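Inspection log for the structure reproduced underneath, given as structure tokens.
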Amino acid sequence: MLAATIKSRPIYEGLRLDGRAKRHLVAAEGEGALAVLDMLAGEDAALARATLLYAPGGSAGQEHGAKLAALRPDGFHPLPTQPTLLNRLEVILQTATMGTRIYVAGTEGFIGKVVALAQAHGVDPQSVRTEHRGSLARRVQCVHCKGMTENVTASPFVCSHCGLNLFVRDHYSRRLGAFQGVCVDAEVPGEIPPAEELFR
Amino acid sequence: MTIQFKQETFRDDFTFSNSPEAIRRFPFPFDKDEYMYAVNIEQHMPGPVKSPFEFPIDIDEHYVSEMRDRALVLKEDPLRCQSLPHMITAEWDLLELLMESMAKNYPEHFTLTRDGDRWHWINRPLGIDQAFTFGDVSTLPQPPMEYVTRQCQGDFALLDQRLDNLWMDAGMITTQADWSLDFDIGMNFMEWHAPVPLAHDMGIFERALKFLLNLQQGRPVRRLNWTMTVNPRLDTSPENYHKWGADRTTVTPENVGDKVHLRVELQALWRLPRSNAIVFSIRAYMIKMNELVTIPKWGRRLHRVLRDLKPELADYKGLTRYRADTVAYLAKHDDGAPTSPGFFPDPE
Ligand code: HEM
């Protein structure tokens, strides 16, 4: 579990099946598969109305995908990467009907992207059921060039777009699905504290 | 009352300064010799003549130059002005509020004529004469919030009210004390205040939000907030922090009086009639230390406030590197005499 000490950061309450939903739309990444297995194993009625999307990410080689397939949900979409998963999810969201409940499990950056995508399709972010699993790596937006850097585990780090040295501020945007990165040596250029591995 | 608008800059050569009249009307934010966060909200009632509280929207000698600086910021970074699609009614509400107030209180400079939906706006200081149809976006050169706030001092945020919260869903933010509209847009009251130290645990945001959710139309409120800025730079945005951050290391005992500025935000909130949204105005006033100490009470008081400020607040406000030099400068203007209660200068 992630501590909720940052007031702008969402609380990930864990996956819980919505017994009243007409459809279950489930997106998982990496270790998130284990949360989906916990929620859906043996729930045959729900599985008959469920669509699962899965990208193995950092858990490739651990056979999580095979276990999800073995649940035999109504629809199963194994996808090679997060971007391909998000593309597929977007297509599904375009035709999703009322009464569809969305679930997402995985790293925080993945949860953020799925929630932001759902929001862009008119889904209230609070209604999405979320569970954090896997690495604590953060997705960070550089406040200067606006570029996103994925899988940030240390602060400070180098912006993958503009090359500034950024520290990760404790401020999270749900719309962007990202923390804020701010230049660490703006006041005295070159004065950069040693990087600490904070988000493993 | 005709205002003499100054030609000055808030970047590069930094020619900004205050006239003696502007110094006297400065909204000094400390009513006692110490400072801590509080729910400091009061009715936005007309204040003393010539004070920044005389009218709901204050226009002063810096108007023309501030509007030029805003245009420069927007040219470099259009993301400083953003509005989510559902905010268009609130944008028109804001345009009405600002135009009505400016035309009513500064008739030499601004004129608004309304004939049903057919409006005619004249802004003499900026040389603008615009006929348009209220409610029809295609009749203005920019969307209504951007159009009117390019002509009004102060930053503006438009807040939608739903689910017992306020959501920052639009804004024109070019003179901010180090926060990003592009990052914060779409957040609610608790979320955008997340980085503020201590105040959450003091229950300040909970009480302030509860108060604001009940804000009534026609009964605006205001509060003062403050920070400090090295050089009279209006655009102290996080977007450009890598460009202005180094200013904080340039303060020396010799230049502190000219370089260090107290920066006060007069923040006012109005409930808007058509949209039920709230507008939050953030009007920044800056004063150099050597201007400030011409009012003896203010020199004494700022010395004591700054000397005793909690380190969490000093860090959050970014003062840490030049606080000691500033306190030392102000100490020379503090003879230890008692100060009178309240914000205003003592009569001479
Ligand atoms: C509803 C409109 C308001 C908006 C849009 C707003 C916005 C903001 C923002 C963006 C910040 C900077 C946060 C950061 O560091 O990223 C801030 C700071 C702050 N706000 Fe508000 N605020 C509002 C109302 C209030 C009210 C009513 C209070 C009353 C207590 C308040 C108290 C504060 C305080 C104490 C700070 C820290 C300021 C400092 O130390 O310099 N705000 N606000």
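A short reminder: the numbers here are calculations on the coordinates, not readings from a lab. What you are looking at is a predicted structure, and each value in this text was computed from that prediction instead of being measured. Neighbour counts run over all protein chains shown; Cβ positions are idealised from the backbone, glycine included.
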Inset, instruction - Calculate how many DSSP beta bridges within the protein assembly as shown are antiparallel, expressed in % of all such bridges and rounded to the nearest 5. - result: 75
Inset, instruction - If a/c stays under 1.5 just call it rounded; otherwise compare a/b with b/c (prolate if a/b is bigger, oblate if not). Do that for the range B:40-156, with a ≥ b ≥ c from the square roots of the Cα gyration tensor eigenvalues. - result: rounded
Inset, instruction - Just tell me how shielded B:186-196 is by partners: mean number of partner chain Cβ atoms within 10 Å of each residue's Cβ, no decimals. - result: 5
Inset, instruction - Assuming a ≥ b ≥ c are the square roots of the Cα gyration tensor eigenvalues, decide whether the protein assembly as shown counts as rounded (a/c under 1.5), prolate (otherwise, with a/b larger than b/c) or oblate. - result: prolate
Inset, instruction - Working from Cα positions, state the angle (0 to 90°, nearest 10) between the long axis of helix B:296-308 and the longest principal axis of chain B. - result: 80
Legend entry - Inter-label distance, nm, simple model (7 Å from Cα along the C-beta direction), B:F211/B:K243: 3.6
Inset, instruction - Mind ranking A:93-100, A:105-112 by how tightly packed they are, going by the mean number of other C-beta atoms within 10 angstrom, highest first? - result: A:105-112, A:93-100
Inset, instruction - Would you work out which of B:A157, B:I88, B:M36 lies farthest towards the positive end of the dipole of the protein assembly as shown, given +1 charges on the beta-carbon of Lys and Arg and -1 on that of Asp and Glu, about the Cα centre? - result: B:I88
Legend entry - Cα-centre dipole for the range B:226-348 with unit charges at Cβ (Lys and Arg positive, Asp and Glu negative), debye to 20: 340
Legend entry - Those lysines that a straight Cα-Cα span of less than 30 Å connects to A:K22, excepting residues fewer than 8 apart in one chain: A:K67, A:K113
Inset, instruction - Work from the charge dipole of the range A:95-200 (Cβ charges, +1 for Lys and Arg, -1 for Asp and Glu, about the Cα centre) and give the residue of A:C183, A:S160, A:P194 farthest towards its positive end. - result: A:S160
Inset, instruction - Place a +1 charge on the Cβ of each Lys and Arg in the range A:23-132 and a -1 charge on the Cβ of each Asp and Glu, then give the dipole magnitude about the Cα centre in debye, rounded to the nearest 20. - result: 260
Inset, instruction - Taking chain B as the reference, fit the longest principal axis to its C-alpha atoms, fit the long axis of helix B:88-105 to the helix C-alpha atoms, and give the angle between the two in degrees, 0 to 90, nearest 10. - result: 70
Inset, instruction - Note the angle between two axes, namely the Cα long axis of helix B:204-213 and the longest principal axis of the Cα atoms of chain B, as a number of degrees from 0 to 90, rounded to the nearest 10. - result: 20
Legend entry - Expected 222 nm ellipticity per residue - DSSP helices of 4 or more, -39500 (n - 2.57), all of chain A, to 500: -6500 deg cm²/dmol
Inset, instruction - Report the antiparallel proportion of the DSSP beta bridges in the range A:138-197 as a percent, rounded to a multiple of 5. - result: 80
Legend entry - Neighbour-count ranking [beta-carbon atoms within 10 angstrom, fewest first] of B:W121, B:W192: B:W121, B:W192
Inset, instruction - List B:L140, B:L72, A:L198 from most exposed to least, where exposure is judged by having the fewest other Cβ atoms within 10 Å. - result: A:L198, B:L72, B:L140
Legend entry - the range B:176-220 and the range B:255-334: distance between their alpha carbon centers, rounded to Å: 20
Inset, instruction - Take each uninterrupted DSSP H stretch in chain A, measure its Cα extent along the helix axis, and return the ones at 15 Å or beyond whose mean Kyte-Doolittle hydropathy is at least -0.5. - result: A:82-94, A:108-120
Legend entry - Simple spin-label estimate for B:T113 and A:R72 in nanometres, 7 Å along Cα-Cβ: 8.0
Inset, instruction - Only Cα pairs under 8 Å and at least 6 apart count here; give the relative contact order of the range A:138-197 as a rounded whole percent. - result: 34
Inset, instruction - Enumerate cysteines in the protein assembly as shown without a disulfide-compatible partner, where compatibility requires another Cys Cβ under 4.7 angstrom. - result: A:C183, B:C81, B:C152
Inset, instruction - Please work out whether chain B counts as rounded, prolate or oblate from its C-alpha gyration tensor, where a ≥ b ≥ c are the square roots of the eigenvalues and a/c under 1.5 means rounded, while otherwise a/b larger than b/c means prolate and anything else oblate? - result: prolate
Legend entry - Shielding score for B:234-246, defined as the mean number of other chain Cβ atoms within 10 Å: 5
Inset, instruction - Could you check what % of the DSSP bridge pairs in chain A are antiparallel, to the nearest 5? - result: 35
Legend entry - Farthest toward positive dipole pole in the protein assembly as shown [+1 Lys/Arg, -1 Asp/Glu at C-beta], among B:I59, B:I287, A:V115: A:V115
Inset, instruction - Would you mind ranking A:I92, A:I6 by Cβ crowding within 10 Å, fewest neighbours first? - result: A:I6, A:I92
Inset, instruction - Report, in debye and to the nearest 20, how large the dipole of the range B:20-331 comes out about its Cα centre when Lys and Arg carry +1 and Asp and Glu carry -1 on their Cβ. - result: 880
Legend entry - Modelled FRET efficiency - R0 45 Å, A:D38 with A:V158, Cβ distances, 0.05 increments: 0.75
